[in-house]
Amino acid sequence: MIVVEKKQELKEYLAAERQQGKHIGLVPTMGALHAGHLSLVKRCVEENEVCVVSVFVNPTQFNDKHDLETYPRTLEADCALLEAAGCAYVFAPSVEEMYPEPDTRQFHLGPVAEVMEGPRRPGHFNGVAQVVSKLFYIVEPDKAYFGEKDFQQIAVVREMVRQLELPVEIVACPIQREADGLALSSRNVRLTPEQRKEAPLIAHTLQESLALAKKETVEEVKRFVCDALNANPVMEVEYFEIVDGHTMQPIADWKETDYPVGCITVYCGEVRLIDNIKY
Ligand code: PAF
């Protein structure tokens, strides 16, 4: 495994791989890797002769300075995991390398970015589109792998790829969970032991709501989920929307889509956790 900090160097390595007819897969990450990331790497290694993993805490997608400053940075441990997982190249650039000058691009990502996380994290999806498009220009991957925990992010990346006409296939990979159901996330380590004990209630409640879906109205299912979680003293639902999984637009009636997905963000104490379920 080769760790590269400079984009020109990575481009040269990958041009040589491509010359030999090899396919290149990319897993974009912000490091602090856990089993969720490793499931993406595994899939990337299985489907491509060359697996590239980027490790870069992207400042342009953080709208909270404190969150950016305290984001865990564990490159050495990440590299050990990636080597064992069969990754060929780790791309770990500095901020100056990725942004030699400020990225002033404004993406107009349309309705997929205007709901749920969009208005609640102003600039976040624009920052994601900036960094992922840069990574796609540098790596020119055949396929790129994203986890479905960030369900809306995948729709945003697909829209960016569509607008820029980039020749990359976006592969969505299932959420990985702890044995008790909690969706894996780099933020889970910030939970206190008490909050960690309660956090699986999110996944359990979503799972329970499966039985109600399509029998009860959309409104009733939403109420069931919000009430069950808000009844817990350490939880506060920020939003729970049932959306068309293709367009991210909230639905009012099950008949509006063949792909209903419930997307939730819950504060568990100070920690913002997200999860989703396909109905
Ligand atoms: O999902 C993430 O970790 C980040 O948003 C991504 C896709 C690596 C871009 O910085």
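The values are calculated or read from the model by the stated rules, or taken from the named source; none is laboratory data. Values in this document were obtained by computation on a predicted structure and should not be read as measured data. Note that we place each Cβ from the backbone using ideal geometry, even for glycine, and neighbour counts take in every protein chain shown. The area values use the complete protein model at the heavy-atom level, side chains included, leaving out ligands, DNA and RNA. Shrake-Rupley method; radii C 1.70, N 1.55, O 1.52, S 1.80 Å.
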Filtering segment 132-161 down to residues that are among the acidic types (Asp, Glu), away from the ligand (no atom under 13 Å from the Cβ) and out of contact with any Gly (no Cβ under 9 Å at 6 or more places or on another chain) yields GLU140
Conditions (1) surrounded by fewer than 16 Cβ atoms within 10 Å (Cβ to Cβ); (2) at pLDDT 95 or above; (3) part of a loop (DSSP other than H, G, I, E, B) -> ILE175 fails only (1)
Residues being in a loop (DSSP other than H, G, I, E, B), of a type in the set (A, V, I, L, M) and touching a residue at least 60 places away in the same chain (Cβ under 8 Å): count how many of those fall in segment 194-222. 2
When you scan segment 223-236, do you find a residue that is more than 13 Å from the ligand (Cβ to nearest atom) and in contact (Cβ under 8 Å) with a residue 40 or more places away in the chain, even just one? yes
Near pairs, Cβ below 7 angstrom, 6+ apart or cross-chain, from segment 149-162 (under 13 Å from HIS246 (Cβ atoms)) to any residue that is among the acidic types (Asp, Glu): GLN152/GLU117; ILE154/GLU148
Give the residue that is farthest from VAL261 (Cα to Cα), with candidates limited to residues of segment 103-131 that are more than 13 Å from the ligand (Cβ to nearest atom), charged (D, E, K, R) and assigned to a loop (DSSP other than H, G, I, E, B). ARG105
Specify which of the listed residues (VAL4, VAL27, VAL50) is surrounded by 15 or more Cβ atoms within 10 Å (Cβ to Cβ) and within 16 Å of the ligand (Cβ to nearest atom). VAL27
Can you tell me which condition LEU33 does not meet? The list is (1) farther than 18 Å from VAL139 by Cα; (2) within 14 Å of the ligand (Cβ to nearest atom); (3) assigned to a helix (DSSP H, G or I), and all the others hold. (3)
Of the conditions (1) within 25 Å of LEU206 (Cα to Cα); (2) crowded, with 16+ Cβ neighbours inside 10 Å, GLU159 fails just one. Which one is it? (1)
Odd one out for ALA80 among (1) surrounded by 15 or more Cβ atoms within 10 Å (Cβ to Cβ); (2) closer than 22 Å to VAL45 by Cβ: (1)
Scan segment 182-193 and give yes if some residue there is of a type in the set (Lys, Arg), open to solvent by 30 Å² or more (accessible area, probe 1.4 Å) and either away from the ligand (no atom under 16 Å from the Cβ) or without any contact (Cβ under 8 Å) to a residue 60 or more places away in the chain (or both), otherwise no. no
Scanning segment 233-252 for residues that are open to solvent by 40 Å² or more (accessible area, probe 1.4 Å) and either among the β-branched types (Val, Ile, Thr) or over 19 Å from GLU208 (Cα atoms) (or both) gives PRO233, GLU238, HIS246, THR247, GLN249, PRO250, ALA252
Condition first: modelled with pLDDT under 95, open to solvent by 70 Å² or more (accessible area, probe 1.4 Å) and either out of contact with any helix residue (DSSP H, G or I) (no Cβ under 9 Å at 6 or more places or on another chain) or of a type in the set (A, V, I, L, M, F, W, C) (or both). Can you find one or more residues in segment 205-212 that meet it? no
Can you pull out the residues in segment 57-72 that are at pLDDT below 95 and either open to solvent by 60 Å² or more (accessible area, probe 1.4 Å) or part of a helix (DSSP H, G or I) (or both)? ASN63, ASP64, LYS65, HIS66, ASP67, LEU68, GLU69, THR70
Looking for something part of a strand (DSSP E or B) and within 19 Å of GLY25 (Cβ to Cβ) - is there at least one such residue anywhere in segment 161-170? yes
